[in-house]
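Working notes, beginning with the structure itself.
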Amino acid sequence: MRQVIGAALVLLTAAPAYAGGIGIMGMGGAHNEQVYYYSQRGPDGDLYNNIDDFDQYELDQVLPHFGGGLELVLGDRDDKVMGSIRVLYNLDAPVRDPATVTTEVEPDDVVANVRDEPRHLGFALVGLSWGLVGDPGGFQLTAVGHVGTAFITADHTEFLAVQIGPGFTYRMARQMQLFGDVQYQGRFRKQWSNSVQAHAGIRYLFD
């Protein structure tokens, strides 16, 4: 009886086991942005007298972005499927002046109000990593997917983000793991835009 009580006390007072980890990463990639601009001159060559008459044009630009942040990993280090919470800082490059790149309108006739400064974004994403080939204790190829939002923006242009792509993990020590992935990211704010970005970093595994 004394042994049973002792065992029960050990179970009740034992510290809970924690599984998961925390990581730090960098990222970089490119995305497209739809840029709208206007021509103050009509097809007949005459200047418009009223701004409401200006002809609208659309220009698709591919812009670089980069950043980094933290990742919280949920799950045992030997599991092939692990949860992931990422909080990232991202910097989008400025939009190029349409007058310098358009071929549809004479540069002197372009009227535009574009984002000519870098855009600072804060991302929060949740997702999963699936081990496809290999061993979680060594090297494995993975499929990675996340969904979330750019919930912090200086210009109030928050948007939904959905991303998926291939990745890898390599456990170089019992509690240290290198990881990386390349993901397609769809951004949605009024309309969809496309992005591709790579992440790479290192994790410290708790369990």
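The values are calculated or read from the model by the stated rules, or taken from the named source; none is laboratory data. The model shown is predicted, which means the values in this text are computed figures rather than measured ones. For neighbour counting, all protein chains shown are included, and Cβ atoms are generated from backbone atoms with ideal geometry for every residue, glycine included. What goes into the accessible areas is simple: the full protein's heavy atoms, side chains included, and nothing from ligands, DNA or RNA. Shrake-Rupley method; radii C 1.70, N 1.55, O 1.52, S 1.80 Å.
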Worksheet entry | Lone qualifier among E71, E104 - being of a type in the set (D, E, K, R) and in a strand (DSSP E or B) | E71
Item to complete: Find all pairs meeting these conditions: Cβ atoms under 6 angstrom apart; at least six residues apart or on different chains; first residue within segment 95-121 and farther than 9 Å from V35 by Cβ; second residue small (G, A, S).
Response: V105/S39; P107/A99; D109/S39; V110/A99; H120/A154; L121/A150
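Please verify whether A150 is of a type outside the set (K, R) and crowded, with 19+ Cβ neighbours inside 10 Å, treating the condition exactly as stated. Full working, then the answer.
Values: of a type outside the set (K, R): yes; crowded, with 19+ Cβ neighbours inside 10 Å: yes.
Judged against the criteria, A150 is a match.
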Discussion item. Looking at segment 33-47, I want the residues that are free of Cβ contacts under 8 Å to residues at least 60 places away in the same chain and have a partner that is surrounded by fewer than 10 Cβ atoms within 10 Å (Cβ to Cβ) with Cβ atoms under 8 Å, at least 6 apart or on another chain. Which pairs are those?
Written reply: none
Discussion item. Looking at the structure I just gave you, is P118 over 12 Å from the mean Cα position of the chain (by Cα) and more than 27 Å from V81 (Cβ to Cβ)?
Written reply: yes
Worksheet, complete the sentence: Checked segment 54-68 for anything farther than 30 Å from L128 by Cβ and either in a loop (DSSP other than H, G, I, E, B) or open to solvent by 80 Å² or more (accessible area, probe 1.4 Å) (or both); matches are F54, Q56, E58, D60
Worksheet, complete the sentence: Here the residues within segment 159-207 that are open to solvent by 80 Å² or more (accessible area, probe 1.4 Å) and hydroxyl-bearing (S, T, Y) are Y170, Y184, Y204
Practice prompt. Collect the residues in segment 177-207 that are more than 15 Å from the chain's Cα centre (by Cα), within 16 Å of S84 (Cα to Cα) and part of a strand (DSSP E or B), keeping them in residue-number order.
Written response: Q177, L178, F179, I202, R203, Y204, L205
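Answer yes or no as to whether Q140 is surrounded by 15 or more Cβ atoms within 10 Å (Cβ to Cβ), over 24 Å from Y57 (Cα atoms) and either out of contact with any Cys (no Cβ under 9 Å at 6 or more places or on another chain) or acidic (D, E) (or both). Quick ask: steps written out before the conclusion?
Values: surrounded by 15 or more Cβ atoms within 10 Å (Cβ to Cβ): yes; over 24 Å from Y57 (Cα atoms): yes; either out of contact with any Cys (no Cβ under 9 Å at 6 or more places or on another chain) or acidic (D, E) (or both): yes.
It is true that Q140 is surrounded by 15 or more Cβ atoms within 10 Å (Cβ to Cβ), over 24 Å from Y57 (Cα atoms) and either out of contact with any Cys (no Cβ under 9 Å at 6 or more places or on another chain) or acidic (D, E) (or both).
Against the condition open to solvent by 20 Å² or more (accessible area, probe 1.4 Å), modelled with pLDDT of 85 or more and not polar (S, T, N, Q), how does L47 come out, does it pass?
Numbers: open to solvent by 20 Å² or more (accessible area, probe 1.4 Å): yes; modelled with pLDDT of 85 or more: no; not polar (S, T, N, Q): yes.
The answer is no for L47.
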